2 protein chains.
Amino acid sequence: MESQPSTGGSGVRTRSQHQRRKRIVQAAAALASRGGVEAMQMRTVAERAGVALGTLYRYFPSKMDLVVAVVGEEIDLLENSIERRPPGAGTPAGRAVDVLMRATRGLMREPELADALIRSLIMAEVETPFGDRMTGLLLRVSAGGLTRDEASEEQLALAGSLSSVWVHELLEMLRGRRTYDQIQRRIEIAAARLVSDL
Amino acid sequence: MESQPSTGGSGVRTRSQHQRRKRIVQAAAALASRGGVEAMQMRTVAERAGVALGTLYRYFPSKMDLVVAVVGEEIDLLENSIERRPPGAGTPAGRAVDVLMRATRGLMREPELADALIRSLIMAEVETPFGDRMTGLLLRVSAGGLTRDEASEEQLALAGSLSSVWVHELLEMLRGRRTYDQIQRRIEIAAARLVSDL
DNA sequence: ACAGATATTAGAATCTGTTCTAGTTTTGCG
DNA sequence: CGCAAAACTAGAACAGATTCTAATATCTGT
(Lines give C-alpha, C1' and ligand atoms only; values in the text may rest on other atoms or scores of the structure.)
Protein backbone atom coordinates (compact mmCIF):
# COMPACT_ATOMS: atom_id res chain seq x y z
CA MET A 1 0.00 0.00 0.00
CA GLU A 2 1.06 3.52 -0.56
CA SER A 3 1.26 5.44 2.60
CA GLN A 4 0.83 9.14 2.89
CA PRO A 5 2.74 11.45 5.11
CA SER A 6 0.33 12.22 7.87
CA THR A 7 -0.38 15.86 8.23
CA GLY A 8 -0.69 16.92 11.82
CA GLY A 9 -4.08 15.66 12.95
CA SER A 10 -6.28 15.74 9.88
CA GLY A 11 -5.75 13.28 7.07
CA VAL A 12 -5.84 16.02 4.46
CA ARG A 13 -2.89 16.58 2.21
CA THR A 14 -1.74 20.17 2.07
CA ARG A 15 -1.14 21.80 -1.28
CA SER A 16 2.60 21.78 -0.86
CA GLN A 17 2.57 18.10 0.03
CA HIS A 18 0.44 17.36 -2.96
CA GLN A 19 2.81 19.20 -5.23
CA ARG A 20 5.82 17.59 -3.70
CA ARG A 21 4.26 14.22 -4.26
CA LYS A 22 3.45 15.10 -7.83
CA ARG A 23 6.96 16.32 -8.52
CA ILE A 24 8.31 13.05 -7.20
CA VAL A 25 6.07 10.93 -9.38
CA GLN A 26 6.86 13.03 -12.41
CA ALA A 27 10.58 12.77 -11.83
CA ALA A 28 10.22 9.03 -11.40
CA ALA A 29 8.16 8.63 -14.55
CA ALA A 30 10.61 10.69 -16.57
CA LEU A 31 13.53 8.57 -15.43
CA ALA A 32 11.67 5.32 -15.93
CA SER A 33 10.57 6.15 -19.43
CA ARG A 34 14.23 6.25 -20.39
CA GLY A 35 16.08 3.38 -18.85
CA GLY A 36 13.24 1.54 -17.13
CA VAL A 37 13.18 0.84 -13.42
CA GLU A 38 16.93 0.53 -13.25
CA ALA A 39 17.34 4.12 -14.34
CA MET A 40 14.77 5.09 -11.78
CA GLN A 41 17.07 5.01 -8.80
CA MET A 42 15.78 6.32 -5.54
CA ARG A 43 18.68 8.71 -5.06
CA THR A 44 18.26 10.05 -8.55
CA VAL A 45 14.52 10.43 -8.22
CA ALA A 46 15.00 12.32 -4.98
CA GLU A 47 17.57 14.55 -6.56
CA ARG A 48 15.48 15.30 -9.65
CA ALA A 49 12.45 15.99 -7.53
CA GLY A 50 14.49 18.33 -5.39
CA VAL A 51 13.81 16.40 -2.24
CA ALA A 52 15.90 14.55 0.30
CA LEU A 53 16.14 10.80 0.11
CA GLY A 54 14.47 10.50 3.49
CA THR A 55 11.57 12.59 2.30
CA LEU A 56 11.14 10.45 -0.76
CA TYR A 57 10.90 7.46 1.54
CA ARG A 58 8.35 9.22 3.67
CA TYR A 59 6.09 9.61 0.68
CA PHE A 60 6.88 6.24 -0.86
CA PRO A 61 8.05 3.71 1.68
CA SER A 62 9.53 1.52 -1.02
CA LYS A 63 10.52 1.79 -4.61
CA MET A 64 7.61 -0.42 -5.50
CA ASP A 65 5.19 2.06 -4.01
CA LEU A 66 6.66 4.64 -6.29
CA VAL A 67 6.36 2.38 -9.29
CA VAL A 68 2.74 1.77 -8.40
CA ALA A 69 2.11 5.49 -8.31
CA VAL A 70 3.68 5.93 -11.72
CA VAL A 71 1.56 3.14 -13.14
CA GLY A 72 -1.48 4.70 -11.55
CA GLU A 73 -0.99 7.79 -13.66
CA GLU A 74 -0.83 5.67 -16.77
CA ILE A 75 -4.11 4.03 -15.90
CA ASP A 76 -5.68 7.40 -15.29
CA LEU A 77 -4.72 8.32 -18.82
CA LEU A 78 -6.36 5.19 -20.16
CA GLU A 79 -9.53 5.77 -18.20
CA ASN A 80 -9.75 9.30 -19.43
CA SER A 81 -9.21 8.16 -22.97
CA ILE A 82 -11.98 5.62 -22.64
CA GLU A 83 -14.27 8.22 -21.25
CA ARG A 84 -13.50 10.67 -24.00
CA ARG A 85 -13.89 8.12 -26.74
CA PRO A 86 -15.83 5.08 -25.58
CA PRO A 87 -15.34 1.87 -27.51
CA GLY A 88 -17.79 1.72 -30.37
CA ALA A 89 -17.94 -1.99 -31.16
CA GLY A 90 -21.35 -3.59 -31.25
CA THR A 91 -20.72 -6.57 -29.00
CA PRO A 92 -19.52 -6.78 -25.40
CA ALA A 93 -16.51 -8.82 -26.46
CA GLY A 94 -15.74 -6.35 -29.22
CA ARG A 95 -15.76 -3.46 -26.79
CA ALA A 96 -13.56 -5.36 -24.34
CA VAL A 97 -11.04 -6.12 -27.07
CA ASP A 98 -11.16 -2.49 -28.08
CA VAL A 99 -10.28 -1.30 -24.58
CA LEU A 100 -7.52 -3.84 -24.09
CA MET A 101 -5.87 -3.15 -27.41
CA ARG A 102 -6.06 0.54 -26.81
CA ALA A 103 -4.30 0.00 -23.50
CA THR A 104 -1.76 -2.18 -25.28
CA ARG A 105 -0.95 0.53 -27.77
CA GLY A 106 -0.68 3.07 -24.98
CA LEU A 107 1.85 0.98 -23.12
CA MET A 108 3.76 0.18 -26.29
CA ARG A 109 4.61 3.83 -26.67
CA GLU A 110 7.08 3.51 -23.78
CA PRO A 111 8.16 -0.12 -23.92
CA GLU A 112 10.91 0.32 -21.37
CA LEU A 113 8.52 1.85 -18.94
CA ALA A 114 5.80 -0.66 -19.65
CA ASP A 115 8.04 -3.65 -19.26
CA ALA A 116 9.63 -2.42 -16.11
CA LEU A 117 6.38 -1.36 -14.61
CA ILE A 118 4.44 -4.48 -15.38
CA ARG A 119 7.15 -6.73 -14.15
CA SER A 120 7.55 -4.78 -11.00
CA LEU A 121 3.86 -4.82 -10.41
CA ILE A 122 3.62 -8.53 -10.77
CA MET A 123 6.52 -8.97 -8.46
CA ALA A 124 5.16 -6.53 -5.97
CA GLU A 125 4.22 -7.55 -2.50
CA VAL A 126 2.33 -4.39 -2.57
CA GLU A 127 -1.37 -4.48 -3.20
CA THR A 128 -1.96 -2.74 -6.48
CA PRO A 129 -5.23 -1.51 -7.86
CA PHE A 130 -3.96 -2.33 -11.31
CA GLY A 131 -5.83 -5.55 -12.05
CA ASP A 132 -8.95 -4.41 -10.29
CA ARG A 133 -9.12 -1.18 -12.18
CA MET A 134 -8.73 -2.96 -15.49
CA THR A 135 -11.37 -5.46 -14.48
CA GLY A 136 -13.70 -2.61 -13.58
CA LEU A 137 -13.12 -0.98 -16.92
CA LEU A 138 -13.89 -4.19 -18.74
CA LEU A 139 -17.10 -4.65 -16.81
CA ARG A 140 -18.11 -1.12 -17.54
CA VAL A 141 -17.63 -1.31 -21.29
CA SER A 142 -18.76 -4.84 -21.89
CA ALA A 143 -21.67 -5.16 -19.51
CA GLY A 144 -23.35 -1.84 -20.05
CA GLY A 145 -21.97 0.36 -17.31
CA LEU A 146 -21.93 -2.29 -14.64
CA THR A 147 -19.73 -1.40 -11.68
CA ARG A 148 -17.65 -3.77 -9.61
CA ASP A 149 -20.14 -3.66 -6.75
CA GLU A 150 -23.15 -4.52 -8.84
CA ALA A 151 -21.51 -7.36 -10.73
CA SER A 152 -22.22 -10.98 -9.91
CA GLU A 153 -19.45 -13.22 -8.72
CA GLU A 154 -19.34 -14.87 -12.12
CA GLN A 155 -19.18 -11.61 -14.01
CA LEU A 156 -16.33 -10.46 -11.82
CA ALA A 157 -14.51 -13.73 -12.34
CA LEU A 158 -14.89 -13.54 -16.10
CA ALA A 159 -13.82 -9.94 -16.49
CA GLY A 160 -10.95 -10.62 -14.08
CA SER A 161 -9.87 -13.61 -16.12
CA LEU A 162 -9.78 -11.60 -19.30
CA SER A 163 -7.76 -8.98 -17.54
CA SER A 164 -5.17 -11.49 -16.37
CA VAL A 165 -4.94 -13.03 -19.81
CA TRP A 166 -4.26 -9.58 -21.19
CA VAL A 167 -1.53 -8.83 -18.68
CA HIS A 168 0.11 -12.13 -19.45
CA GLU A 169 0.01 -11.57 -23.19
CA LEU A 170 1.34 -8.08 -22.77
CA LEU A 171 4.31 -9.41 -20.88
CA GLU A 172 4.93 -11.96 -23.57
CA MET A 173 4.90 -9.22 -26.14
CA LEU A 174 7.30 -7.06 -24.19
CA ARG A 175 9.61 -10.04 -24.06
CA GLY A 176 9.44 -10.34 -27.79
CA ARG A 177 7.58 -13.61 -27.76
CA ARG A 178 4.42 -12.19 -29.33
CA THR A 179 3.64 -9.68 -31.99
CA TYR A 180 0.93 -7.10 -31.64
CA ASP A 181 -1.22 -9.06 -34.07
CA GLN A 182 -0.82 -12.28 -32.16
CA ILE A 183 -1.91 -10.56 -29.00
CA GLN A 184 -4.93 -9.13 -30.68
CA ARG A 185 -5.87 -12.54 -32.00
CA ARG A 186 -5.43 -14.19 -28.62
CA ILE A 187 -7.34 -11.51 -26.80
CA GLU A 188 -10.16 -11.86 -29.31
CA ILE A 189 -10.29 -15.59 -28.79
CA ALA A 190 -10.34 -15.25 -25.02
CA ALA A 191 -12.82 -12.38 -25.02
CA ALA A 192 -15.24 -14.28 -27.22
CA ARG A 193 -15.37 -17.02 -24.60
CA LEU A 194 -15.17 -14.94 -21.49
CA VAL A 195 -17.21 -11.80 -21.96
CA SER A 196 -19.61 -12.35 -24.85
CA ASP A 197 -22.62 -12.58 -22.62
CA LEU A 198 -21.89 -10.34 -19.73
CA MET B 1 18.77 -19.26 -19.55
CA GLU B 2 20.73 -21.10 -16.98
CA SER B 3 24.32 -21.38 -17.89
CA GLN B 4 26.50 -24.24 -16.99
CA PRO B 5 30.08 -24.15 -15.97
CA SER B 6 31.87 -25.29 -19.06
CA THR B 7 34.02 -28.28 -18.50
CA GLY B 8 37.29 -28.14 -20.34
CA GLY B 9 36.41 -28.74 -23.97
CA SER B 10 33.38 -31.01 -23.94
CA GLY B 11 29.98 -29.77 -22.82
CA VAL B 12 29.47 -32.73 -20.56
CA ARG B 13 28.98 -32.24 -16.85
CA THR B 14 31.19 -34.36 -14.68
CA ARG B 15 29.72 -36.29 -11.78
CA SER B 16 31.24 -33.99 -9.20
CA GLN B 17 29.86 -30.97 -10.98
CA HIS B 18 26.46 -32.55 -11.15
CA GLN B 19 26.51 -33.23 -7.46
CA ARG B 20 27.75 -29.82 -6.60
CA ARG B 21 24.96 -28.34 -8.64
CA LYS B 22 22.46 -30.56 -6.92
CA ARG B 23 23.75 -29.63 -3.49
CA ILE B 24 23.37 -25.98 -4.39
CA VAL B 25 19.80 -26.38 -5.58
CA GLN B 26 18.90 -28.41 -2.52
CA ALA B 27 20.40 -25.87 -0.18
CA ALA B 28 18.53 -23.13 -2.00
CA ALA B 29 15.24 -25.00 -1.88
CA ALA B 30 15.61 -25.70 1.80
CA LEU B 31 16.24 -22.06 2.57
CA ALA B 32 13.45 -20.87 0.30
CA SER B 33 10.90 -23.21 1.77
CA ARG B 34 11.41 -21.44 5.08
CA GLY B 35 11.64 -17.74 4.57
CA GLY B 36 11.01 -17.53 0.83
CA VAL B 37 13.36 -15.86 -1.58
CA GLU B 38 14.50 -13.38 1.01
CA ALA B 39 15.82 -16.16 3.21
CA MET B 40 17.53 -17.61 0.20
CA GLN B 41 20.48 -15.29 0.24
CA MET B 42 23.28 -16.05 -2.12
CA ARG B 43 25.88 -15.98 0.64
CA THR B 44 23.83 -18.34 2.75
CA VAL B 45 23.13 -20.71 -0.11
CA ALA B 46 26.81 -20.87 -0.91
CA GLU B 47 27.65 -21.54 2.69
CA ARG B 48 25.05 -24.27 3.12
CA ALA B 49 26.09 -25.89 -0.10
CA GLY B 50 29.69 -25.82 1.03
CA VAL B 51 30.80 -23.77 -1.92
CA ALA B 52 32.38 -20.37 -2.41
CA LEU B 53 30.23 -17.47 -3.43
CA GLY B 54 32.11 -17.18 -6.68
CA THR B 55 31.43 -20.82 -7.46
CA LEU B 56 27.74 -20.37 -6.81
CA TYR B 57 27.77 -17.55 -9.32
CA ARG B 58 29.56 -19.71 -11.79
CA TYR B 59 26.76 -22.24 -11.67
CA PHE B 60 23.95 -19.72 -11.41
CA PRO B 61 24.83 -16.33 -12.84
CA SER B 62 22.01 -14.66 -10.97
CA LYS B 63 19.70 -15.38 -8.12
CA MET B 64 16.87 -15.70 -10.60
CA ASP B 65 18.64 -18.54 -12.36
CA LEU B 66 18.85 -20.33 -9.07
CA VAL B 67 15.19 -19.77 -8.35
CA VAL B 68 14.30 -21.08 -11.77
CA ALA B 69 16.28 -24.23 -11.10
CA VAL B 70 14.47 -24.79 -7.83
CA VAL B 71 11.15 -24.22 -9.52
CA GLY B 72 12.01 -26.71 -12.23
CA GLU B 73 12.23 -29.46 -9.66
CA GLU B 74 8.76 -28.63 -8.38
CA ILE B 75 7.21 -28.83 -11.80
CA ASP B 76 8.80 -32.20 -12.37
CA LEU B 77 7.02 -33.37 -9.27
CA LEU B 78 3.67 -32.19 -10.60
CA GLU B 79 4.17 -33.86 -13.94
CA ASN B 80 5.08 -37.11 -12.27
CA SER B 81 2.05 -36.90 -10.05
CA ILE B 82 -0.24 -36.36 -13.01
CA GLU B 83 1.28 -39.29 -14.77
CA ARG B 84 0.89 -41.55 -11.77
CA ARG B 85 -2.68 -40.56 -11.12
CA PRO B 86 -4.30 -38.92 -14.16
CA PRO B 87 -7.31 -36.70 -13.57
CA GLY B 88 -10.50 -38.74 -13.60
CA ALA B 89 -13.18 -36.15 -14.32
CA GLY B 90 -15.55 -36.81 -17.20
CA THR B 91 -15.31 -33.50 -19.02
CA PRO B 92 -12.33 -31.66 -20.47
CA ALA B 93 -12.99 -28.68 -18.22
CA GLY B 94 -13.29 -30.99 -15.22
CA ARG B 95 -9.96 -32.58 -15.93
CA ALA B 96 -8.32 -29.20 -16.43
CA VAL B 97 -9.69 -27.96 -13.10
CA ASP B 98 -8.49 -31.17 -11.52
CA VAL B 99 -4.94 -30.65 -12.71
CA LEU B 100 -4.84 -27.00 -11.76
CA MET B 101 -6.24 -27.54 -8.30
CA ARG B 102 -3.86 -30.37 -7.71
CA ALA B 103 -1.02 -28.09 -8.65
CA THR B 104 -2.49 -25.48 -6.35
CA ARG B 105 -2.55 -27.85 -3.40
CA GLY B 106 0.96 -29.00 -4.13
CA LEU B 107 2.22 -25.46 -4.16
CA MET B 108 0.30 -24.55 -1.03
CA ARG B 109 2.34 -27.03 0.94
CA GLU B 110 5.31 -24.70 0.71
CA PRO B 111 3.76 -21.28 0.34
CA GLU B 112 7.02 -19.42 0.58
CA LEU B 113 8.56 -21.56 -2.07
CA ALA B 114 5.42 -21.35 -4.19
CA ASP B 115 5.50 -17.63 -4.07
CA ALA B 116 9.01 -17.56 -5.41
CA LEU B 117 8.08 -20.17 -7.96
CA ILE B 118 5.12 -18.38 -9.40
CA ARG B 119 6.84 -15.08 -9.55
CA SER B 120 9.76 -16.49 -11.40
CA LEU B 121 7.33 -18.27 -13.66
CA ILE B 122 5.83 -14.98 -14.62
CA MET B 123 8.91 -12.87 -14.55
CA ALA B 124 11.58 -15.00 -15.99
CA GLU B 125 13.80 -12.83 -18.07
CA VAL B 126 15.09 -16.11 -18.74
CA GLU B 127 13.15 -18.21 -21.15
CA THR B 128 11.54 -20.77 -18.91
CA PRO B 129 9.50 -23.65 -20.20
CA PHE B 130 7.12 -23.35 -17.27
CA GLY B 131 4.18 -21.55 -18.77
CA ASP B 132 4.47 -23.71 -21.82
CA ARG B 133 4.76 -26.84 -19.77
CA MET B 134 1.58 -26.03 -17.90
CA THR B 135 -0.22 -25.20 -21.12
CA GLY B 136 0.96 -28.48 -22.55
CA LEU B 137 -0.30 -30.34 -19.53
CA LEU B 138 -3.70 -28.74 -19.84
CA LEU B 139 -3.94 -29.60 -23.50
CA ARG B 140 -2.96 -33.15 -22.76
CA VAL B 141 -5.55 -33.76 -20.10
CA SER B 142 -8.42 -31.77 -21.53
CA ALA B 143 -8.09 -32.49 -25.23
CA GLY B 144 -7.35 -36.16 -25.15
CA GLY B 145 -3.60 -36.36 -25.27
CA LEU B 146 -3.13 -33.52 -27.70
CA THR B 147 0.41 -32.21 -27.78
CA ARG B 148 1.51 -28.63 -28.27
CA ASP B 149 2.57 -29.29 -31.83
CA GLU B 150 -0.69 -30.81 -32.92
CA ALA B 151 -2.91 -28.19 -31.32
CA SER B 152 -4.57 -25.48 -33.37
CA GLU B 153 -3.76 -21.85 -32.75
CA GLU B 154 -7.08 -21.45 -30.99
CA GLN B 155 -6.58 -24.45 -28.77
CA LEU B 156 -3.17 -23.18 -27.77
CA ALA B 157 -4.58 -19.76 -27.05
CA LEU B 158 -7.36 -21.18 -24.90
CA ALA B 159 -5.22 -23.52 -22.87
CA GLY B 160 -2.66 -20.76 -22.49
CA SER B 161 -5.34 -18.39 -21.30
CA LEU B 162 -6.51 -20.81 -18.65
CA SER B 163 -2.96 -21.27 -17.57
CA SER B 164 -2.43 -17.56 -17.13
CA VAL B 165 -5.70 -17.17 -15.26
CA TRP B 166 -4.55 -19.89 -12.91
CA VAL B 167 -1.20 -18.31 -12.34
CA HIS B 168 -2.84 -15.02 -11.60
CA GLU B 169 -5.31 -16.49 -9.14
CA LEU B 170 -2.55 -18.40 -7.45
CA LEU B 171 -0.61 -15.22 -6.96
CA GLU B 172 -3.65 -13.55 -5.50
CA MET B 173 -4.02 -16.42 -3.09
CA LEU B 174 -0.40 -16.25 -2.04
CA ARG B 175 -0.93 -12.59 -1.37
CA GLY B 176 -3.82 -13.45 0.88
CA ARG B 177 -6.45 -11.98 -1.37
CA ARG B 178 -8.16 -15.24 -2.27
CA THR B 179 -9.09 -18.37 -0.40
CA TYR B 180 -8.60 -21.81 -1.84
CA ASP B 181 -12.33 -22.11 -2.42
CA GLN B 182 -12.52 -18.83 -4.26
CA ILE B 183 -9.75 -19.93 -6.56
CA GLN B 184 -11.45 -23.21 -7.27
CA ARG B 185 -14.66 -21.42 -8.11
CA ARG B 186 -12.94 -18.96 -10.39
CA ILE B 187 -10.94 -21.63 -12.15
CA GLU B 188 -14.11 -23.60 -12.69
CA ILE B 189 -15.84 -20.60 -14.19
CA ALA B 190 -12.94 -19.84 -16.49
CA ALA B 191 -12.36 -23.47 -17.47
CA ALA B 192 -16.01 -23.93 -18.38
CA ARG B 193 -15.68 -21.13 -20.91
CA LEU B 194 -12.18 -21.75 -22.12
CA VAL B 195 -11.63 -25.47 -22.39
CA SER B 196 -15.02 -27.18 -22.48
CA ASP B 197 -14.79 -28.04 -26.12
CA LEU B 198 -11.16 -28.57 -26.77
C1' DA C 1 4.60 35.24 19.13
C1' DC C 2 5.48 30.76 21.57
C1' DA C 3 5.58 25.69 22.30
C1' DG C 4 5.25 21.34 20.70
C1' DA C 5 4.52 18.40 16.97
C1' DT C 6 5.61 17.09 12.44
C1' DA C 7 8.31 17.46 8.18
C1' DT C 8 12.55 18.00 5.89
C1' DT C 9 17.42 17.68 5.07
C1' DA C 10 22.24 15.99 4.34
C1' DG C 11 24.63 12.41 4.91
C1' DA C 12 26.33 8.27 7.17
C1' DA C 13 25.32 3.49 7.84
C1' DT C 14 23.36 -1.12 6.71
C1' DC C 15 21.97 -4.92 3.87
C1' DT C 16 22.18 -8.01 0.08
C1' DG C 17 22.99 -9.03 -4.82
C1' DT C 18 26.80 -9.00 -7.82
C1' DT C 19 31.60 -8.44 -9.38
C1' DC C 20 36.44 -8.63 -8.86
C1' DT C 21 41.14 -10.28 -7.27
C1' DA C 22 44.79 -13.18 -6.22
C1' DG C 23 46.14 -17.34 -5.05
C1' DT C 24 45.30 -22.59 -4.92
C1' DT C 25 43.47 -26.97 -6.67
C1' DT C 26 41.69 -30.04 -10.10
C1' DT C 27 41.30 -31.78 -14.68
C1' DG C 28 42.31 -33.18 -19.41
C1' DC C 29 45.73 -34.42 -22.39
C1' DG C 30 50.07 -34.99 -25.10
C1' DC D 1 54.66 -37.24 -15.77
C1' DG D 2 53.98 -32.19 -16.50
C1' DC D 3 51.70 -28.34 -18.13
C1' DA D 4 47.99 -25.25 -19.53
C1' DA D 5 43.14 -24.50 -19.00
C1' DA D 6 39.43 -24.33 -16.12
C1' DA D 7 37.45 -24.59 -11.49
C1' DC D 8 37.56 -23.34 -6.89
C1' DT D 9 38.32 -20.49 -2.68
C1' DA D 10 38.43 -16.62 0.69
C1' DG D 11 37.56 -12.38 0.96
C1' DA D 12 37.46 -7.57 -0.55
C1' DA D 13 34.94 -4.33 -3.28
C1' DC D 14 30.92 -2.25 -5.45
C1' DA D 15 26.01 -0.93 -6.23
C1' DG D 16 21.60 0.38 -5.15
C1' DA D 17 17.64 -0.02 -1.92
C1' DT D 18 16.53 1.00 2.61
C1' DT D 19 17.31 2.70 7.37
C1' DC D 20 19.14 5.70 10.76
C1' DT D 21 20.77 10.12 12.90
C1' DA D 22 21.11 14.60 14.32
C1' DA D 23 20.11 19.04 13.16
C1' DT D 24 16.91 22.43 11.06
C1' DA D 25 12.62 24.16 9.25
C1' DT D 26 7.69 24.51 9.05
C1' DC D 27 3.21 24.15 10.71
C1' DT D 28 -0.74 24.32 14.22
C1' DG D 29 -3.10 25.71 17.94
C1' DT D 30 -3.36 28.99 21.60
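The values are calculated or read from the model by the stated rules, or taken from the named source; none is laboratory data. Predicted model, so just to flag it, every value in this text is computed and none were measured. Cβ: placed from backbone, ideal geometry, glycine included. Neighbour counts: every protein chain shown. Only protein heavy atoms, including side chains, enter the accessible area calculation; ligands, DNA and RNA are left aside. Shrake-Rupley method; radii C 1.70, N 1.55, O 1.52, S 1.80 Å.
With contacts taken as Cα pairs under 8 Å at a separation of at least 6 residues, chain B carries a relative contact order of 22 percent. Sorting A:Lys22, B:Lys63 by solvent-accessible area of protein heavy atoms yields A:Lys22, B:Lys63, largest first, with a 1.4 Å probe. Between copies, B:Glu188 shows label-point distances of 3.3 nm, shortest first, with the point placed 7 angstrom from Cα along Cα to C-beta. In chain A, helical runs assigned H by DSSP with n ≥ 4 each contribute -39500 (n - 2.57); averaged across all residues and rounded to the nearest 500, the mean residue ellipticity at 222 nm is -23500 deg cm²/dmol. For a distance above 21 Å, tell me the whole-number percent of Cα pairs in the stretch B:68-194 that qualify. In whole percent, the share of Cα-Cα pairs in the stretch B:68-194 beyond 21 Å is 35. Applying 1/(1 + (r/R0)^6) with R0 = 51 Å to the Cβ-Cβ distance of B:Asp149 and A:Arg84, what FRET efficiency is obtained, to the nearest 0.05? My answer for the efficiency is 0.65. A point 7 Å from Cα along Cα→Cβ stands in for B:Tyr57, and the other copies hold the same point at 2.5 nm, listed in rising order.
Partner lysines whose Cα lies under 27 Å from the Cα of B:Lys63, excluding those fewer than 8 positions away in the same chain, are identified as A:Lys63, B:Lys22. When the accessible areas of A alone and B alone are added and the area of the pair subtracted, with a 1.4 Å probe, the result is around 2800 Å², both sides summed. Of the whole protein surface, A:Glu74 contributes about 60 Å² of accessible area at a 1.4 Å probe radius. At a threshold of 8 angstrom on Cα-Cα distance, excluding pairs fewer than six apart, so keeping six or more, what relative contact order does the stretch B:15-61 reach in percent? Worked out over the stretch B:15-61, it gives 35 percent. To the nearest 10, the accessible area of B:Leu171 is 10 Å² with a 1.4 Å probe.
When B:Arg23 is represented by a point 7 angstrom out along its Cα-to-C-beta vector, the spacings to that point in the other copies are 5.6 nm, nearest first. Express the carbon and sulfur contribution to the solvent-accessible surface of the protein assembly as shown as a percent, rounded to the nearest whole number, probe 1.4 angstrom. Solvent-exposed carbon and sulfur of the protein assembly as shown make up 48 percent of the total.
Measuring how big the stretch B:15-61 is from its alpha-carbon positions, Rg and Dmax come out at 9.9, 31 Å.
For the stretch B:156-173, 3J(HN,Hα) computed residue by residue from phi via the Karplus equation (6.51, -1.76, 1.60; θ = phi - 60°) reads 4, 4, 6, 5, x, 5, 4, 4, 6, 4, 4, 4, 5, 5, 4, 4, 4, 5 Hz, glycine and proline entered as x. Taking every protein chain into account, the accessible area of chain B amounts to 47 square angstrom per residue (probe 1.4 Å).
Net charge in the neighbourhood of B:Asn80 (other residues with Cβ under 13 Å of its Cβ; Lys, Arg +1, Asp, Glu -1) is -1.
For the stretch B:89-197, trypsin sites (Lys or Arg not before Pro) meeting the loop criterion (DSSP other than H, G, I, E, B) and having at most 10 other Cβ atoms within 10 Å: B:Arg109. The accessible-area ordering, largest first, of the residues B:Tyr180, B:Tyr57 stands as B:Tyr57, B:Tyr180, per a 1.4 angstrom probe.
Rolling a 1.4 Å probe across all protein chains gives B:Ser152 an accessible area of roughly 50 Å².
The Rg/Rh ratio for the protein assembly as shown is 0.99, where Rg is the radius of gyration of the alpha carbons and Rh is the Kirkwood radius. Computed from the C-beta positions of A:Arg58 and A:Ala30, the FRET efficiency with R₀ = 22 Å rounds to 0.60. The residue among B:Gly176, B:Ser152, B:Leu194 whose Cα reaches farthest toward the positive pole of the charge dipole of the stretch B:78-196, with charges on the beta-carbon of Lys, Arg, Asp and Glu, is B:Gly176.
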